[in-house]
Amino acid sequence: MQELLIAKSIRDEGTRYNYLPPSTYADLDKFLLKTLVRNLRTSPIPIVAGTTWTTDAPFRETKSAIAYAEGKSAVCVEMEAAALYAFARARHKKIVCLANLTNSMAQTEGDFEKGVENGSIESLKLIAHILKILKFR
């Protein structure tokens, strides 16, 4: 299991175009990203920053689309980050997206195992750490 701070997400179809004009990525606010990356080493849970691919439907995960996303350094596919980051930018809100990478498309036994309480305890520790870094109490 790997925790990922989503630094940016490849924008595919969907709601993210209701907030901002088309572009390749929707990004975490630069100040938030810089602040969080600077403090990743102090996290109680191992975490890295990276790129995801936001798409709204699994049938769009074709070989050519996956190759494109991999070419843009996407480490996973998810369904929300680009829309949330586009919304954050358009409405001047602070939104941080995390991904809990737990499987490889069910290719190995136990691939969906997320740990104790399905990883929620570890996720809450990470969220509390991020809130502390950003001085939200």
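When we measure straight from the Cα of residue 63, which lysines land under 25 angstrom away, once same-chain ones fewer than 8 places off are left out? Within the straight-line limit of under 25 Å, residue 63 reaches these lysines: 8, 72. The loop-placed trypsin sites (Lys or Arg not before Pro) in the stretch 31-92, going by DSSP, that have at most 15 neighbouring Cβ atoms within 10 Å of their Cβ come out as 72. Among the GluC sites (Glu not before Pro) in the stretch 60-103, those located in a DSSP loop and surrounded by at most 16 other Cβ atoms within 10 Å of their own Cβ are 61. Simple spin-label estimate for residue 13 and residue 70 gives 2.3 nm between the two label positions (7 Å along the Cα-to-Cβ direction from each Cα). Under 5 Å from the amide H of residue 56 lie the amide H atoms of 13, each residue being 5 or more positions distant or on a separate chain, with H modelled from the backbone and absent for Pro and chain starts.
Laboratory data are not the source of any read-out in this text; all were calculated from the coordinates shown. It should be emphasised that the depicted structure is a prediction, and the values quoted were computed from it without experimental measurement. Because the Cβ atoms are built from the backbone with ideal geometry, glycine has one as well, and the counts that use them run over all protein chains shown.
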